[in-house]
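Some notes on the structure that comes next.
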Amino acid sequence: ADMNVTAIENFVCVIFNVSFMNCTWHVGRTASGDTQYFLYWSISGEKDFTECQDYIKDNCGRHIGCRFENVTIYEKRACFLVNESRSGQNMQ
């Protein structure tokens with residue numbers, strides 16, 4: 001079986017009102033109800049990744065997005081990392 005179809009799709013981040021950022025994604029097509037996603041991000045070149053503190057959830061309680069406040073990216077690039085776990089086991 002192709003494991004990649006549980007990975008998220010359509011990952012989008014939007015910055016608004018200068019310092020707010022919303023990131024959203026679609027749950028993988030074959031992801032089970034106990035699949036969970038964890039979003040981390042950092043400014044490119046920095047090693048410290050910060051986990052989302054305010055997840056947006058679907059009806060199953062799965063994370064399908066994140067709200068960030070006090071975001072300052074300016075001219076830099078941001079790196080995003082999404083980890084997937086199923087039944088508490090890390091997948092990718």
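The stretch between residue 53 and residue 34 holds 4.8 nm of extra length on full extension. This uses 0.36 nm per residue minus the Cα-Cα distance. For Rg/Rh (Cα atoms, Kirkwood Rh), the choices are [x] 0.98; [y] 1.08; [z] 0.96; which was calculated from the structure? This structure yields the entry labelled [x].
Ranked from largest to smallest solvent-accessible area, with a 1.4 Å probe on the protein heavy atoms, 47, 76 come out as 47, 76.
For residue 20, the amide hydrogen comes within under 5 Å of the amide hydrogens of 71, counting only partners 5 or more places away or on other chains and with H modelled in the peptide plane. 3J(HN,Hα) along region 56-72, derived from phi through the Karplus expression 6.51 cos²θ - 1.76 cosθ + 1.60 where θ = phi - 60°, amounts to 9, 10, 8, 5, 8, x, 7, 6, 10, x, 8, 10, 10, 10, 6, 8, 10 Hz, with x in place of Gly and Pro. Here's the picture: a label point sits 7 Å out from the Cα of residue 67 along the beta-carbon direction, and within region 19-58 the residues with their amide nitrogen under 12 Å of it are 20-23, 53-57. Relative contact order of region 8-85, taken over Cα pairs closer than 8 Å and 6 or more residues apart, is 34 percent. Among 39, 81, the sequence by solvent-accessible area, most first, with a 1.4 Å probe is 81, 39.
Cysteines in the chain that lack a partner Cβ within the 4.7 Å cut-off: 60, 79. Here each label is just a point 7 Å from Cα along the line to Cβ, and for residue 74 and residue 44 those points are 1.6 nm apart.
The values are calculated or read from the model by the stated rules, or taken from the named source; none is laboratory data. Bear in mind the structure is a predicted one, so any value in this text is a computation, not a measurement. Cβ coordinates were reconstructed from backbone atoms using ideal geometry, including for glycine residues, and neighbour counts include every protein chain displayed. The area values use the complete protein model at the heavy-atom level, side chains included, leaving out ligands, DNA and RNA. Shrake-Rupley method; radii C 1.70, N 1.55, O 1.52, S 1.80 Å.
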